[in-house]
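Structure record follows, encoded as structure tokens.
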């Protein structure tokens, strides 16, 4: 049975430097910096900014082989993806693929905060990169 995503978990924004952008969110928008961490599987440093029950995730590449470095080179800074909070990500991913949606990740992998994540290819989703995100609470 297909269940709708629970919420927008976060919106990912690609940046060249987290350090340069955090002051805008904290000082101008008055939003709290929740945490920063490195996600080795994606070769990125991330910073989570709180806003209501969702977050803004700033993504900075750790090296030029990072998917975020390639995104920045091609498109510049800006919105990278929309992450949808889901339950039972493995079943959800299989259902989506049965519906003809192309997944970038055939299986979930570990993302920021220990969440299980999988990306859906923008060619199948109206040119929007969606991330499925399941957090074990």
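With respect to residue 131, is the statement that it is part of a strand (DSSP E or B) and either at pLDDT 95 or above or out of contact with any strand residue (DSSP E or B) (no Cβ under 8 Å at 6 or more places or on another chain) (or both) true? In short, yes.
Within the stretch 34-52, residues that are more than 16 Å from residue 16 (Cα to Cα) have Cβ atoms under 7 Å from residues that are part of a strand (DSSP E or B) and at pLDDT below 95 in these pairs: 41/109; 41/110, counting only partners at least 6 apart in sequence or on another chain.
The values are calculated or read from the model by the stated rules, or taken from the named source; none is laboratory data. What you see is a predicted model, and the numbers here were worked out from it, not measured in a lab. For neighbour counting, all protein chains shown are included, and Cβ atoms are generated from backbone atoms with ideal geometry for every residue, glycine included.
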